[in-house]
Amino acid sequence: MQQTGTKIMKRIFILFILTLFLSVYLQSAAVKAKEPDNALVLLDDWEHPEFTDDMDKDPLKTAIGRSIEYFKRLPPDREFVYGSHIYTAGYLVESMNTFLDIFANSTSPEDLNKKVKKHFYTYKSVGTDGGGSVLFTGYYEPVLKGSLIRSGEYRYPLYTKPGDLMVIELGQFCPEFEGEKIVARYNGNRVVPYYSRREIDVEKVLEGKGLELLWVSDPVELFFLHIQGSGIIVLDDGKTQRVHYAASNGRPYQSIGKKLIDENIIPKEAISLQNVKTYLKDHPEERDRILSYNDSYIFFEKVNNGPIGNLEVVLTPGRSIATDNRLFPKGGLAFITTQKPETDQSDRITGWKRFSRFVVNQDTGGAIRGTGRADLFWGNGKFAEIAAGAMQHDGEMYFLVKKPPK
């Protein structure tokens with residue numbers, strides 16, 4: 001009887017601690033994001049952009065096909081919010097098929113532009129301050145050297161998802177926060193945030209627990225694999241292994257690039273992925289301090305295909321984007337205008353060129369938060385890394401849905 005009473009008291013205590021933990025989170029989360037119906041605004045016909053596309057058609061057909069695959073996995077009445085309007089998954093399949101037909105059969109860019117304006121509603125992101133400006137960054141699929149076995153060369157681990165990591169869905173406690181979650185672990189009788197990057201990589205709290213998936217040779221490249229969320233590991237036997245995001249520690253993303261700017265280490269106008277990597281590799285004594293500034297930590301799993309976005313479909317270089325999935329419709333057809341780099345034969349950026357194209361919303365990311373952010377997937381290879389690492393340009397983002405019959 002006494003033992004039963006002790007168990008009940010323990011559960012009550014844990015629930016009390018969890019409630020405190022949740023109340024703090026809910027107060028902070030309440031001001032984090034606008035409601036989805038405020039993220040997009042329906043434009044009048046005269047406000048539409050000029051729908052011109054700078055890429056080959058086939059990659060877009062592939063990307064749209066993968067979104068259609070996603071929508072078909074859902075109940076046909078699953079709802080998606082576009083501004084003040086709601087569309088079902090079944091209707092979005094019809095909408096995308098209509099667009100594919102127009103895209104394939106338009107006789108010229110002018111014909112495409114005319115038909116899209118005639119047959120589709122256009123919803124514009126309200127952007128950072130309500131004026132429609134969206135900051136575009138890029139991401140890519142990194143390639144690292146690695147091994148299945150730890151050695152003197154390969155001593156930095158990729159961890160798989162730990163068994164003590166628990167995800168608490170906040171919508172179960174408050175419907176207002178449907179889709180929000182926190183990540184935690186038990187520490188005795190307490191529910192606490194999961195381990196930070198410093199605790200995992202510097203203090204090595206997970207070492208020796210059998211969670212090591214692979215080993216790589218470069219801790220800086222490994223850090224940026226965490227940022228990208230997926231990548232290719234070239235093993236020491238010549239084989240390759242793709243890895244993909246499996247879970248995170250739930251800690252907020254903090255930009256080490258901003259930290260380097262704030263500490264006057266790298267000027268703001270010179271900040272880029274390449275320059276950050278160069279500084280960290282040239283100053284190994286600073287590496288742990290700077291990398292640990294970003295508390296966010298990613299756990300991986302092995303996959304055969306990739307990279308895979310949050311729709312569980314393979315991403316398409318140049319055609320897949322990542323946005324805040326709390327605000328923008330997953331899988332949606334979009335149109336963007338921003339800038340892309342031009343490079344010389346030595347892979348140095350010589351300038352930036354304005355472009356526009358159709359893309360598909362197929363991913364999300366810890367750093368992609370709010371109505372004024374989007375991330376363009378560039379693929380893998382040298383140019384992809386350069387473009388993704390240097391892209392920080394304003395632009396505009398629109399979502400398109402077929403006009404319902406009158």
Study note, to complete from the structure: Those residues of the stretch 342-351 that are part of a strand (DSSP E or B) and either free of Cβ contacts under 8 Å to residues at least 40 places away in the same chain or over 12 Å from Ile386 (Cβ atoms) (or both) come to a total of 3
Practice item. For Lys181, indicate whether it is more than 30 Å from Ala388 (Cβ to Cβ) and not small (Gly, Ala, Ser). Key: no
Check your understanding: Within the set of pairs 6+ apart or on separate chains, which have a first residue in the stretch 327-339 that is assigned by TED's automatic domain parsing to the domain that holds Phe355, a second that is of a type in the set (Asp, Glu), and C-beta atoms under 8 Å apart?
Key -> Ile336/Glu396; Thr337/Glu396; Thr338/Asp394; Thr338/Glu396
Review point. Given the conditions (1) in a loop (DSSP other than H, G, I, E, B); (2) more than 14 Å from the chain's Cα centre (by Cα); (3) surrounded by 15 or more Cβ atoms within 10 Å (Cβ to Cβ), and given that Gly366 satisfies all but one, which numbered condition is not satisfied?
Key: (2)
Check your understanding: What are the pairs, 6+ residues apart or on separate chains, where a residue within the stretch 64-88 that is within 16 Å of Leu333 (Cβ to Cβ) has its Cβ under 7 Å from a residue that is charged (D, E, K, R)?
Key -> Val81/Asp37; Gly83/Asp37; Thr88/Asp77; Thr88/Arg78; Thr88/Glu79
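For (1) without any contact (Cβ under 8 Å) to a residue 24 or more places away in the chain; (2) part of a loop (DSSP other than H, G, I, E, B), each residue gets a yes or a no:
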residue	(1), (2)
Gly250	no, yes
Gln254	no, yes
Lys258	yes, no
Ile265	yes, yes
Tyr279	yes, no
Glu286	yes, no
Tyr293	no, yes
Ser296	no, yes
Phe300	no, no
Exercise for review: Filter the stretch 286-307 down to the residues that are crowded, with 19+ Cβ neighbours inside 10 Å and β-branched (Val, Ile, Thr), then identify the one that is farthest from Ala184 (Cα to Cα).
Suggested key: Ile290
Check your understanding: Quick check: is even one residue across the stretch 132-144 farther than 30 Å from Gly238 by Cα, under 20 Å from the mean Cα position of the chain (by Cα) and of a type in the set (Gly, Ala, Ser)?
Key -> yes
Exercise for review: Would you mind telling me which numbered condition in (1) under 24 Å from Val243 (Cα atoms); (2) of a type outside the set (Ser, Thr, Tyr); (3) surrounded by fewer than 14 Cβ atoms within 10 Å (Cβ to Cβ) His283 fails?
Suggested key: (1)
Review point. For the stretch 267-277, what are the residues that are closer than 24 Å to Arg251 by Cβ and either polar (S, T, N, Q) or not in a loop (DSSP other than H, G, I, E, B) (or both)?
Key: Leu273, Val276, Lys277
Practice item. Restricting attention to the stretch 316-326, report how many residues are in contact with a helix residue (DSSP H, G or I) (Cβ under 8 Å, 6 or more places away or on another chain) and either free of Cβ contacts under 8 Å to residues at least 12 places away in the same chain or of a type outside the set (S, T, N, Q) (or both). Key: 4
Exercise for review: Given the conditions (1) surrounded by 21 or more Cβ atoms within 10 Å (Cβ to Cβ); (2) out of contact with any strand residue (DSSP E or B) (no Cβ under 8 Å at 6 or more places or on another chain), report the number of the one that Ser346 does not fulfil.
Suggested key: (1)
Review point. Restricting attention to the stretch 376-406, which residues are under 17 Å from the mean Cα position of the chain (by Cα), in a strand (DSSP E or B) and crowded, with 19+ Cβ neighbours inside 10 Å?
Key: Leu376, Phe377, Met397
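Residue-by-condition table, conditions (1) touching a Ser or Thr at 6+ places or on another chain (Cβ under 7 Å); (2) in contact (Cβ under 8 Å) with a residue 24 or more places away in the chain; (3) crowded, with 16+ Cβ neighbours inside 10 Å; (4) not assigned by TED's automatic domain parsing to the domain that holds Arg251:
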{"residue": "Gly171", "(1), (2), (3), (4)": "no, no, no, no"}
{"residue": "Pro175", "(1), (2), (3), (4)": "no, no, no, no"}
{"residue": "Asn187", "(1), (2), (3), (4)": "no, no, no, no"}
{"residue": "Arg198", "(1), (2), (3), (4)": "yes, yes, yes, no"}
{"residue": "Leu206", "(1), (2), (3), (4)": "no, yes, yes, no"}
{"residue": "Ser217", "(1), (2), (3), (4)": "no, yes, yes, no"}
{"residue": "Phe223", "(1), (2), (3), (4)": "no, yes, yes, no"}
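The values are calculated or read from the model by the stated rules, or taken from the named source; none is laboratory data. Fair warning: this is a prediction, and the values are worked out from it, not measured in the lab. Cβ: placed from backbone, ideal geometry, glycine included. Neighbour counts: every protein chain shown.
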